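Visitor: Provided herewith is a single structure, encoded as structure tokens, for subsequent inquiry.
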Amino acid sequence: MGDRLSPGDTAPDFTLPDDAGSEVTLGDLRGGKVIVYFYPAAMTPGCTTQACDFSDSLESLKADGYTVLGISPDAPAKLARFREKEGLTIRLLSDADRSVMQRWGAFGEKKLYGKTVEGVIRSTVVVDEDGTVSHAFYNVKATGHVAKLRRDLGLE
């Protein structure tokens, strides 16, 4: 597992495919603020709740200067089905080999139903205009996370 990111760290750059087959490079988004969130699996209840919350908040987050990127290990084709099924408006990226998750501290040991397992750690990292981490949240709850994030960013 990579070390978790902290405010003040430089966000590791990445290039990943999105659900439409285009490549997205974090460095290309410099000059704007980016919310990068990591989730375990498309089309599961918690991940659907979280993705829908981000989609429902996307216009107001955009108005405040934020781009939202959701990253999971799912293949782009599954992400496309997820977008279609749920009417999602956020960009969904595929990190099939989990290398970005590892560099961002979003993959490793976690508790699942009382057992320690290795997997995706539901995490959200906010990157400012110059590529520096401004906020980093690990082991977040899917339900209510976007509202809490908005409060933490002073957007309420």
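The values are calculated or read from the model by the stated rules, or taken from the named source; none is laboratory data. This structure is a prediction, so every number in the text was calculated from the model and none was measured. As a convention, Cβ positions derive from the backbone with ideal geometry for all residues, glycine included, and neighbour counts pool all protein chains shown.
Visitor: So which of 109, 156 is at pLDDT below 90 and in contact with a helix residue (DSSP H, G or I) (Cβ under 9 Å, 6 or more places away or on another chain)?
Guide: That would be 156, the only listed residue that is at pLDDT below 90 and in contact with a helix residue (DSSP H, G or I) (Cβ under 9 Å, 6 or more places away or on another chain).
Visitor: Considering only residues of the stretch 60-71 that are out of contact with any Lys or Arg (no Cβ under 6 Å at 6 or more places or on another chain) and not in a helix (DSSP H, G or I), which is farthest from residue 16 (Cα to Cα)?
Guide: Among those that are out of contact with any Lys or Arg (no Cβ under 6 Å at 6 or more places or on another chain) and not in a helix (DSSP H, G or I), it is 64.
Visitor: Any idea which residue in the stretch 26-59 is farthest from residue 12 (Cα to Cα), counting only those that are out of contact with any strand residue (DSSP E or B) (no Cβ under 9 Å at 6 or more places or on another chain) and not charged (D, E, K, R)?
Guide: Step by step, filter the stretch 26-59, then rank; the result is 45.
Visitor: Would it be correct to say that residue 18 is under 14 Å from the mean Cα position of the chain (by Cα), within 15 Å of residue 76 (Cβ to Cβ), surrounded by 13 or more Cβ atoms within 10 Å (Cβ to Cβ) and not hydroxyl-bearing (Ser, Thr, Tyr)?
Guide: yes
Visitor: Can I ask one more? Does the stretch 74-91 contain at least one residue that is surrounded by fewer than 19 Cβ atoms within 10 Å (Cβ to Cβ), within 17 Å of residue 123 (Cα to Cα) and not charged (D, E, K, R)?
Guide: No; the residues of the stretch 74-91 include none that is surrounded by fewer than 19 Cβ atoms within 10 Å (Cβ to Cβ), within 17 Å of residue 123 (Cα to Cα) and not charged (D, E, K, R).
Visitor: Can you pull out the residues in the stretch 94-110 that are assigned to a strand (DSSP E or B) and either crowded, with 16+ Cβ neighbours inside 10 Å or in contact with a Cys (Cβ under 7 Å, 6 or more places away or on another chain) (or both)?
Guide: The answer is 94, 107, 108, 110.
Visitor: Just to be sure I understand, how many residues within the stretch 72-87 are within 16 Å of residue 97 (Cβ to Cβ) and either assigned to a helix (DSSP H, G or I) or touching a residue at least 60 places away in the same chain (Cβ under 8 Å) (or both)?
Guide: Qualifying residue count for the region: 3.
Visitor: Count, please, the residues in the stretch 128-156 that happen to be in a strand (DSSP E or B) and closer than 23 Å to residue 42 by Cα.
Guide: 3
Visitor: Quick one: how many residues across the stretch 42-71 are surrounded by 14 or more Cβ atoms within 10 Å (Cβ to Cβ), under 21 Å from residue 27 (Cβ atoms) and either of a type in the set (Gly, Ala, Ser) or touching a His at 6+ places or on another chain (Cβ under 6 Å) (or both)?
Guide: So the count comes out to 1.
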